[in-house]
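The values are calculated or read from the model by the stated rules, or taken from the named source; none is laboratory data. What you are looking at is a predicted structure, and each value in this text was computed from that prediction instead of being measured. Cβ: placed from backbone, ideal geometry, glycine included. Neighbour counts: every protein chain shown.
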């Protein structure tokens, strides 16, 4: 009887030690999920964060519809790309570049680095860095100090800072901006 009690105590102690020695895993409440939802009645890439839902891109342009990439399809595909890059740890910076002779918005692993993954293609004739500065709620970026443009340099947006400082849905910024320039987020026009 004593041996059986001793074995049960030893097993309980071993389980307790094993559980306490396991590394802490981040909880799902601390993670971010990107998905295609709606913002102001338009398809939008939205980040569900611990702070709340953060609208990122509102897909209002019909430019690519002729090639089968309507607003909804672009929203779903780009939201999936944001999630993939977030999950594999490569969503560090967003910048612009060229892929297949087209201007694109892409991810970079470091400030000053090259594109390491495509987010989406820009329509021909657009000013890539100007588009990017409007892309991720430039009011929040300017307030947070991460929107620094220098002549001749590509713009890099620090996604960690953006996710921590951009207003979530329902919040407002100090500076009102008209709908045509992207009231909450960038329009993909």
Inset, instruction - Could you run through region 54-73 and say how many residues are closer than 19 Å to residue 34 by Cβ and in a helix (DSSP H, G or I)? - result: 3
Legend entry - Verdict on residue 130 being buried (at least 20 other Cβ atoms within 10 Å of the Cβ), at pLDDT below 90 and out of contact with any helix residue (DSSP H, G or I) (no Cβ under 7 Å at 6 or more places or on another chain): no
Legend entry - Yes/no for residue 162 being crowded, with 18+ Cβ neighbours inside 10 Å, at pLDDT 95 or above and in a helix (DSSP H, G or I): no
Legend entry - Identity of the residue in region 100-126, under 28 Å from residue 53 (Cα atoms), out of contact with any helix residue (DSSP H, G or I) (no Cβ under 7 Å at 6 or more places or on another chain) and not in a strand (DSSP E or B), that ends up modelled with the lowest pLDDT: 123
Inset, instruction - Sort out which residues of region 57-81 are under 19 Å from residue 132 (Cα atoms) and either touching a helix residue (DSSP H, G or I) at 6+ places or on another chain (Cβ under 9 Å) or in contact (Cβ under 8 Å) with a residue 60 or more places away in the chain (or both), and write them in order of number. - result: 57, 58, 59, 60, 61, 62, 63, 64, 71, 74
Legend entry - Residues of region 85-99 that turn out to be surrounded by fewer than 14 Cβ atoms within 10 Å (Cβ to Cβ) and in a helix (DSSP H, G or I), as a count: 1
